[in-house]
């Protein structure tokens, strides 16, 4: 006997055979019975198509969604052609630096102007609303030993915002997850996948120029 085809093919053949049998017995059963069996056969065929489509979605996922995800590097979060301002501190003498931090009203005003200039970090508006995939280190906003997180920061290198000053705002992403994600080891980078928005958010650790609505985290692996 010939081997049976795949589940989908076999179910389709079965429905086809049912229709053929209906036609064969048409002279004996009458028109109404034929139509009733024909209806049942079509219903079986429709159910098979739905079953096969569901199975494909379960096992292979939605290829269109995968194709829509944009893989980013941190340099992609900086507008093309933008050059961060050079720090005035690099050209100051030690005497000028000491005066800048002497606590006077004049020095505080100058210092705030420098900080504002240095903190200017524009974002890439084209990324707003895009599905993205970004490699990053996770920085919990509350260090209480928890591993199930719904809100945290994503940064380009380990220790940012904790052991070192925060990067510019366009190099910090504020992440939110509707369902808690498990992050057991912040020493290891992850792929953060979700929907990006160009929204500035201030937290207790840093100002973030982007927000990412997390769909999932995956281990970061380099091919």
- [ ] Count, please, the residues in region 203-215 that happen to be assigned to a strand (DSSP E or B) and modelled with pLDDT of 95 or more.
- [x] 7
- [ ] Could you please find all residues in region 85-117 being loosely packed, with under 13 Cβ neighbours inside 10 Å and in a loop (DSSP other than H, G, I, E, B)?
- [x] 85, 86, 87, 93, 101, 102, 103, 104
Task: Total residues in region 147-171, condition buried (at least 22 other Cβ atoms within 10 Å of the Cβ) and out of contact with any helix residue (DSSP H, G or I) (no Cβ under 9 Å at 6 or more places or on another chain) - done: 3
TODO: Could you please let me know if residue 75 is at pLDDT 80 or above, in a helix (DSSP H, G or I) and more than 27 Å from residue 190 (Cα to Cα)?
DONE: no
Open item on the list: Among (1) within 27 Å of residue 84 (Cα to Cα); (2) buried (at least 18 other Cβ atoms within 10 Å of the Cβ), there is one condition residue 120 misses while meeting the rest; what is its number?
Closed with: (2)
Open item on the list: Kindly evaluate residue 189 against the criterion of being at pLDDT below 90, closer than 18 Å to residue 75 by Cα, touching a strand residue (DSSP E or B) at 6+ places or on another chain (Cβ under 7 Å) and assigned by TED's automatic domain parsing to the domain that holds residue 75.
Closed with: no
Open item on the list: Condition first: surrounded by fewer than 14 Cβ atoms within 10 Å (Cβ to Cβ) and at pLDDT 95 or above. Now tell me which residues in region 124-146 satisfy that.
Closed with: 125, 126, 129
Open item on the list: Scan region 141-150 and tell me whether some residue there is in the same structural domain as residue 76 (by TED's automatic domain parsing), touching a residue at least 60 places away in the same chain (Cβ under 8 Å), part of a loop (DSSP other than H, G, I, E, B) and touching a strand residue (DSSP E or B) at 6+ places or on another chain (Cβ under 8 Å).
Closed with: yes
TODO: Return the total of residues in region 159-177 being within 21 Å of residue 194 (Cα to Cα) and assigned to a loop (DSSP other than H, G, I, E, B).
DONE: 1
Open item on the list: When you check residue 195 against the structure, is it surrounded by 13 or more Cβ atoms within 10 Å (Cβ to Cβ) and touching a residue at least 24 places away in the same chain (Cβ under 8 Å), yes or no?
Closed with: yes
Task: Residues being surrounded by 15 or more Cβ atoms within 10 Å (Cβ to Cβ) and either within 12 Å of residue 129 (Cβ to Cβ) or in contact with a strand residue (DSSP E or B) (Cβ under 7 Å, 6 or more places away or on another chain) (or both) - total across region 201-213 - done: 8
Open item on the list: Looking only at region 99-138, how many residues end up being more than 14 Å from the chain's Cα centre (by Cα) and on the phi > 0 side of the Ramachandran plot?
Closed with: 1
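The values are calculated or read from the model by the stated rules, or taken from the named source; none is laboratory data. Predicted model, so just to flag it, every value in this text is computed and none were measured. Note that we place each Cβ from the backbone using ideal geometry, even for glycine, and neighbour counts take in every protein chain shown.
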